[in-house]
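*Asks:* Have a look at this one.
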Amino acid sequence: MKDKYTEEFLRRLSANINLKKQEQVFESMLGPATWQIQPVKGESKDKPVERFSNESGHGFSMPLKQGNQLYGAIIALGFKYPVTDELMRLFAVFTETLMREVQKEMELTKLYDTIRPRAIALSTIHTVHRLISSTLDLDELMPRIARLCLQVMRAEVCDIFLIEPGKKKKFVFQTSVNVNKDSQKHKVKVKLNGILAHIAKTGASRLTPKRLLVPLIDEDVIGIIGIRNKMGDKPFNEFDKEILTTFAEQAVIAIRNAQLYEEQEKLTIGSIKALAAILDTRPNSIQTHSAMFVKLVVEVAKELNVTAQELRVLKYASLLHDAGKVMIPDEILKKQKRLTGEEFRIIKKHPIKGVQIVKPIEVLKPVIPIILYHHERFDGTGYPKGLKGSQIPLGSRIMSVVDAFVAMVSKQPYRECLNCDESLFEIKKYSGTQFDPEIVDIFCRVIAKSNIKSLLKAK
Amino acid sequence: MKIKELIKSDARKKVVHFFNANPSSIDTLKGITTWTGLDSASAIKALEELVKAGILIPHRVSSTVGYAYAPPKKIARDIKKYFQAHSQKV
């Protein structure tokens, strides 16, 4: 190590431009000469300055020394004139300064070489954290974790096994990504046995040349992450285990967040469905929580490339948009004849009543505008506020079309139901006035899809 | 993209050099500009060209894009050989 350092030190010194300039100054005073930097031979720390003269000319040899450290010597041969004491002293001072400069340069390089890879690794950890924290959707998260793991660990296959919740812990759900085969599988149920069961029980990692398995721990073992076949046919080592363990710790946080979010979602949707079921007990309910209603809203929304969050909100809105009707008297809802002005005025309040019902529920706040405005008309002649065009929230515009269609294909107290084609004809008739024309077009395309048609036939 | 084409642009060369030396790295545009000394405009152009060429994989999420090194094996070997042979500071 010491020799390599000395070698590098002397190399940098001999290449130093200021040394070249100093040599030129000497030559301008004493004549041209040959300059050499030689490494030290032996351990002589007291090598003195030597001046000499021979048939080649005059010259000197000066040790390159810093404190107790002797690196070598600088030798100059062939001057026309002898080197004076003053010039030697000057050269000594200059050389010492130069050596300090080179030493600092080398220390900075060493620091750079030490810090840079660590900084790059830290930046990778930070980027990975951002990438896996960006989603709460477990189906999106698991393959992403696997792919990122392969990148960081430079392996060919990544398997993630999430232990099935419950006391028995007999099965795991496997997500795997294989870069060689460019294949991926997700949520494959496999039995928890063998080495996986051992790791799940003990929380200990397992390292072999071809495979590395590390537990995913959040208070308890919630799963296992494993990699196979390191790139370049190299064996996995302890350092890889350390890196994968760090990666696993980050992955656990993201996985647990996604699982908790999923549980909360199930709870929320369950509560909403229960509420919707209560609404269905009211007269003249068109069973707004029916599969068809929600399906149609979702299909139209997907065609519009809404975000996952927006889709979620629309599903909630589909189940609850007529919640306000629970406050409408039965006799109005059951009425078979045309409604009076006063009765219609009461009906028109149901969006506002619906908002009052859902308002206290924090998670349903995004649903409020959709419920409130689902009876607005595209031409501004709707209620409750007479909003027009794009002032009406997109969800409300979608709901308006689907609501009308489903009402037409359902039997009402005051009329028989229309068939699909008749209902579509009516929808198209009011495109641009009651309904957003873009939504109408998309809706017609959605209805034309075979799976939707079968749903309609079943109804 | 062949190696010659790959390293034709100085920016692409610097990015590939970085990833060849740090194949496990996954980083954002900001990180890449720090490690390569490139300006943002040059770096993003090079990164996206390399994505198109199949040398890098982008992990795109709403808040950022993380770029990772994923060339085919043969190209990875050729890249490594190139930088070993040239051993130059990029």
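The values are calculated or read from the model by the stated rules, or taken from the named source; none is laboratory data. These numbers were taken from a predicted model, which means no experiment stands behind them. Don't worry about glycine lacking a Cβ; one is built from the backbone with ideal geometry, like all the others, and counts go over all protein chains shown. What goes into the accessible areas is simple: the full protein's heavy atoms, side chains included, and nothing from ligands, DNA or RNA. Shrake-Rupley method; radii C 1.70, N 1.55, O 1.52, S 1.80 Å.
*Asks:* On the given criteria, is residue A:143 in contact with a strand residue (DSSP E or B) (Cβ under 8 Å, 6 or more places away or on another chain) and under 30 Å from residue A:239 (Cβ atoms)? Don't jump to the end; show me each part of the working.
*Replies:* Details: in contact with a strand residue (DSSP E or B) (Cβ under 8 Å, 6 or more places away or on another chain): yes; under 30 Å from residue A:239 (Cβ atoms): yes.
When the stated conditions are applied, residue A:143 passes them.
*Asks:* Something else now. Residues that are under 47 Å from the mean Cα position of the chain (by Cα), more than 14 Å from every other protein chain (Cβ to nearest Cβ) and hydroxyl-bearing (Ser, Thr, Tyr): does the range A:104-121 have at least one? Walk me through how you get there before you give the answer.
*Replies:* Our first condition is that a residue be under 47 Å from the mean Cα position of the chain (by Cα); within the range A:104-121, this holds for A:104-121.
Those left that are additionally more than 14 Å from every other protein chain (Cβ to nearest Cβ): A:104-108, A:110-111, A:114.
Filter again for hydroxyl-bearing (Ser, Thr, Tyr), leaving A:114.
Checked the range A:104-121: at least one residue is under 47 Å from the mean Cα position of the chain (by Cα), more than 14 Å from every other protein chain (Cβ to nearest Cβ) and hydroxyl-bearing (Ser, Thr, Tyr).
*Asks:* Mind checking which residues of the range A:340-363 are part of a helix (DSSP H, G or I) and charged (D, E, K, R)?
*Replies:* Of all residues in the range A:340-363, those part of a helix (DSSP H, G or I) come to A:341-347, A:350-358, A:362-363.
Matches in the range A:340-363: A:342, A:343, A:345, A:353, A:362.
*Asks:* Considering A:64, A:136, A:148, which residue is part of a helix (DSSP H, G or I), touching a helix residue (DSSP H, G or I) at 6+ places or on another chain (Cβ under 7 Å) and surrounded by 14 or more Cβ atoms within 10 Å (Cβ to Cβ)? Full working, then the answer.
*Replies:* Values: A:64 fails: part of a helix (DSSP H, G or I); A:136 fails: part of a helix (DSSP H, G or I).
Of the residues listed, the single one that is part of a helix (DSSP H, G or I), touching a helix residue (DSSP H, G or I) at 6+ places or on another chain (Cβ under 7 Å) and surrounded by 14 or more Cβ atoms within 10 Å (Cβ to Cβ) is A:148.
*Asks:* Scan the range A:220-239 and report the pairs whose first residue is surrounded by fewer than 20 Cβ atoms within 10 Å (Cβ to Cβ) and whose second residue is among the aromatic types (Phe, Trp, Tyr) and modelled with pLDDT of 95 or more, with Cβ atoms within less than 8 Å and a gap of 6+ or a chain change.
*Replies:* A:230/A:236
*Asks:* Please determine, by comparing only the residues of the range A:122-133 that are within 8 Å of the chain's Cα centre (by Cα) and open to solvent by 70 Å² or more (accessible area, probe 1.4 Å), which one is nearest to the other protein chains (Cβ to nearest Cβ).
*Replies:* Among those that are within 8 Å of the chain's Cα centre (by Cα) and open to solvent by 70 Å² or more (accessible area, probe 1.4 Å), it is A:130.
*Asks:* If only one of B:40, B:25, B:62, B:9 is in contact with a Phe, Trp or Tyr (Cβ under 9 Å, 6 or more places away or on another chain) and either within 20 Å of residue A:120 (Cα to Cα) or of a type outside the set (D, E, K, R) (or both), which one is it? Let's see the steps before the verdict.
*Replies:* Working: B:40 fails: in contact with a Phe, Trp or Tyr (Cβ under 9 Å, 6 or more places away or on another chain); B:62 fails: in contact with a Phe, Trp or Tyr (Cβ under 9 Å, 6 or more places away or on another chain); B:9 fails: in contact with a Phe, Trp or Tyr (Cβ under 9 Å, 6 or more places away or on another chain).
Being in contact with a Phe, Trp or Tyr (Cβ under 9 Å, 6 or more places away or on another chain) and either within 20 Å of residue A:120 (Cα to Cα) or of a type outside the set (D, E, K, R) (or both) holds for just one of B:40, B:25, B:62, B:9, which is B:25.
*Asks:* Here is a follow-up. I'm trying to understand the selection: among the residues of the range B:60-88, which are among the hydroxyl-bearing types (Ser, Thr, Tyr), over 13 Å from the mean Cα position of the chain (by Cα) and more than 8 Å from every other protein chain (Cβ to nearest Cβ)?
*Replies:* Applying the first criterion (among the hydroxyl-bearing types (Ser, Thr, Tyr)) to the range B:60-88 yields B:62-64, B:67, B:69, B:82, B:87.
Adding the requirement that they be over 13 Å from the mean Cα position of the chain (by Cα) leaves B:62-64, B:82, B:87.
Residues satisfying the conditions are B:82, B:87.
*Asks:* Identify all residues within the range B:49-76 that are open to solvent by 60 Å² or more (accessible area, probe 1.4 Å) and either assigned to a helix (DSSP H, G or I) or without any contact (Cβ under 8 Å) to a residue 12 or more places away in the chain (or both); write none if there are none. Spell out the reasoning first.
*Replies:* Within the range B:49-76, the subset open to solvent by 60 Å² or more (accessible area, probe 1.4 Å) is B:52, B:57, B:60, B:62-63, B:72-74.
Passing the criteria: B:52, B:60, B:62, B:63, B:73, B:74.
*Asks:* Turning to a different aspect of this structure: I'm trying to understand the selection: among the residues of the range A:143-155, which are of a type outside the set (Lys, Arg) and either under 11 Å from the mean Cα position of the chain (by Cα) or within 10 Å of chain B (Cβ to nearest Cβ) (or both)? Spell out how you get there, then give the answer.
*Replies:* The first filter runs over the range A:143-155 and keeps only residues of a type outside the set (Lys, Arg), leaving A:143, A:145-146, A:148-153, A:155.
A:145, A:148, A:150, A:151, A:152, A:153 - these are the residues of the range A:143-155 that are of a type outside the set (Lys, Arg) and either under 11 Å from the mean Cα position of the chain (by Cα) or within 10 Å of chain B (Cβ to nearest Cβ) (or both).
*Asks:* Of a type in the set (Phe, Trp, Tyr), in a helix (DSSP H, G or I) and closer than 30 Å to residue A:8 by Cβ: does that describe residue A:91? Talk me through it step by step, then tell me what you get.
*Replies:* Values: of a type in the set (Phe, Trp, Tyr): yes; in a helix (DSSP H, G or I): yes; closer than 30 Å to residue A:8 by Cβ: yes.
In short, yes.
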